[in-house]
Amino acid sequence: MTPGARTPTPAGAPCWWSTGSATAPRRPPPPRPRCASSSVADAEPPQAIVEALHQALRPTRGGAVAVARIDDASDTVSYAGVGNIAAALAGAGGGLRRLVSHNGTAGLNARRIQAFEYPGARNGLLVMHSDGISASWSLDRYPGLARAHPLLVAGVLYHHHSRGRDDAAIVVTRCITS
C-alpha cells in the first residue's frame with residue numbers, strides 16, 4: 001500500500017483501518033448489515049469501533065485493526081488496536097511513545113479489546129502502521145523529519161522500514177490541537 005497522510009476530518013473524528021486477509025471469506029457471508037452513518041461512528045469511542053469491526057469481520061479470515069481519536073479539548077489520543085498493528089505518538093519536543101495493541105485477530109480471536117488514553121498529543125505526530133513496517137524506527141534518525149509534512153514522514157518510514165516480504169500500510173497525521 002502506498003503511504004498516505006490524513007485528510008482533514010471533523011474535530012475528534014476517528015482514524016481507522018483494517019489490514020491483512022480480511023477480505024477473503026471463511027464461510028458464506030451473512031446478509032450485509034447496514035452501515036452506521038459517519039456521524040454515529042464519530043460519536044463512538046475507539047474501543048466500541050474496534051468491537052464493531054471485530055463483529056463485522058467474523059465472516060472473513062480476519063485482520064489487524066486499529067482506531068485512534070485525537071481529542072483537541074483534552075489534548076489526548078485514545079487508541080485501541082488488535083493484531084499485528086502498531087502505533088506511536090511522536091511528541092513535538094521529541095520523544096516517542098509506543099501505543100498498546102492487544103494480541104489477536106479481529107474477526108477471529110480478539111480476546112481483549114481495550115482503549116488507552118495518551119496525553120500530550122499537541123502538535124505531535126500519530127503514526128499507525130501494519131506489521132509490514134518494522135517497528136524499530138525512530139524519527140531521531142532523520143533530523144528535521146518530525147517537523148515535515150505527514151506524507152513525507154510516511155514515505156520515509158515506508159521506504160526505510162518496509163520489510164518487503166509482507167503487505168505494508170502506514171498512516172501519519174499531525175495532532176494539531178487548538
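Descriptive notes on the structure:
- Flag if I133 is touching a Phe, Trp or Tyr at 6+ places or on another chain (Cβ under 8 Å), hydrophobic (A, V, I, L, M, F, W, C), at pLDDT 90 or above and surrounded by 15 or more Cβ atoms within 10 Å (Cβ to Cβ): yes
- Residue that is farthest from A168 (Cα to Cα), among those in the stretch 122-137 that are part of a loop (DSSP other than H, G, I, E, B) and of a type in the set (S, T, Y): S136
- Being among the small types (G, A, S), modelled with pLDDT of 90 or more, under 17 Å from Y118 (Cβ atoms) and out of contact with any Leu (no Cβ under 7 Å at 6 or more places or on another chain) is true of A86.
- Residue check for A92: touching a His at 6+ places or on another chain (Cβ under 8 Å), modelled with pLDDT under 90 and assigned to a loop (DSSP other than H, G, I, E, B): no
- One residue stands out among those in the stretch 156-168 that are without any contact (Cβ under 8 Å) to a residue 60 or more places away in the chain and closer than 21 Å to G94 by Cβ: the one that is surrounded by the fewest Cβ atoms within 10 Å (Cβ to Cβ), which is H160.
- Test: V171 is under 29 Å from G62 (Cβ atoms) and in contact (Cβ under 8 Å) with a residue 60 or more places away in the chain: yes
- Any hit, the stretch 138-155, residues being part of a strand (DSSP E or B), surrounded by fewer than 20 Cβ atoms within 10 Å (Cβ to Cβ) and either on the phi < 0 side of the Ramachandran plot or touching a Lys or Arg at 6+ places or on another chain (Cβ under 6 Å) (or both): no
- Hits in the stretch 105-121 (condition: in contact with a Ser or Thr (Cβ under 7 Å, 6 or more places away or on another chain), over 13 Å from G95 (Cα atoms) and in a loop (DSSP other than H, G, I, E, B)): G107, A115
- Leading residue by the ranking (surrounded by the fewest Cβ atoms within 10 Å (Cβ to Cβ)) among those in the stretch 69-86 that are polar (S, T, N, Q) and in a loop (DSSP other than H, G, I, E, B): S74
- Selected residue [farther than 20 Å from P150 by Cβ, at pLDDT 50 or above, surrounded by fewer than 16 Cβ atoms within 10 Å (Cβ to Cβ) and of a type outside the set (D, E, K, R)] from P30, P45: P45
The values are calculated or read from the model by the stated rules, or taken from the named source; none is laboratory data. Given the structure is predicted, the values throughout are model-derived calculations rather than measurements. Every residue, glycine as well, gets a Cβ built from its backbone with ideal geometry; the counts of neighbours run over all protein chains shown.
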